[in-house]
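Data block below; observations after.
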């Protein structure tokens, strides 16, 4: 009886080609997805930010009460948002938990100055709603769509928390780029927010069009 010879099956050339194309496509998709993720977290924030008149925006000096500060492209003045602790309870003052005031750099050396009634009620002041024990919902008057939360962090201190680059972060600063418009209706090109990831301790930044 003739002996049968079994040949090792050959891979289908079309199947091999399809597998190779699929592998290349998979690697390409992974690379593109990674690039998109990175690009959404990056901004073109200059290391040294300058105003239209060429003056450098100063970083407000450390303040144990400060929650965050806000700057605008119109001038180098800053707004400081400080925690207002009740001396009797050691907790935020229920009626006025945040004190907002100017730091005058454009026409001085950072001297503090109170907001006017209009500035406090319609622009840079805040609304406050208590949502729990030591927790408050905070909204800046001129942009109430951006939710902020005042509460204690893991360090036992009060911080303002916000979503920055899809992460819950301790808010550090806000910068508003304004190009034209009027006093009561400015043309805001973008808002840039910076915070610190409480888990990693790294800075996170996000820029968006309001």
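Summary of values
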| read-out | value |
| --- | --- |
| Strands (runs of 3 or more DSSP E) contained in the range 37-152 and holding at least 1 residues exposed (fewer than 13 other Cβ atoms within 10 Å of the Cβ) and within 17 Å of the chain's Cα centre (by Cα) | 143-152 |
| Evaluation of residue 110 against (1) over 18 Å from residue 68 (Cβ atoms); (2) touching a residue at least 40 places away in the same chain (Cβ under 8 Å) (one fails), failing number | (1) |
| Those residues of the range 182-207 which are loosely packed, with under 11 Cβ neighbours inside 10 Å and either at pLDDT below 90 or assigned to a strand (DSSP E or B) (or both), in sequence order | 182, 183, 184, 185, 187 |
| Subset of the range 154-176 that is at pLDDT below 95 and in contact with a strand residue (DSSP E or B) (Cβ under 7 Å, 6 or more places away or on another chain) - its residue that is surrounded by the most Cβ atoms within 10 Å (Cβ to Cβ) | 165 |
| Pairs where the first residue, in the range 58-73, is more than 25 Å from residue 136 (Cβ to Cβ) and the second is crowded, with 19+ Cβ neighbours inside 10 Å and modelled with pLDDT of 95 or more, C-beta under 6 Å, 6+ apart | 58/105 |
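The values are calculated or read from the model by the stated rules, or taken from the named source; none is laboratory data. Remember, predicted model here, so these are calculated numbers, not experimental data. Neighbour counts run over all protein chains shown; Cβ positions are idealised from the backbone, glycine included.
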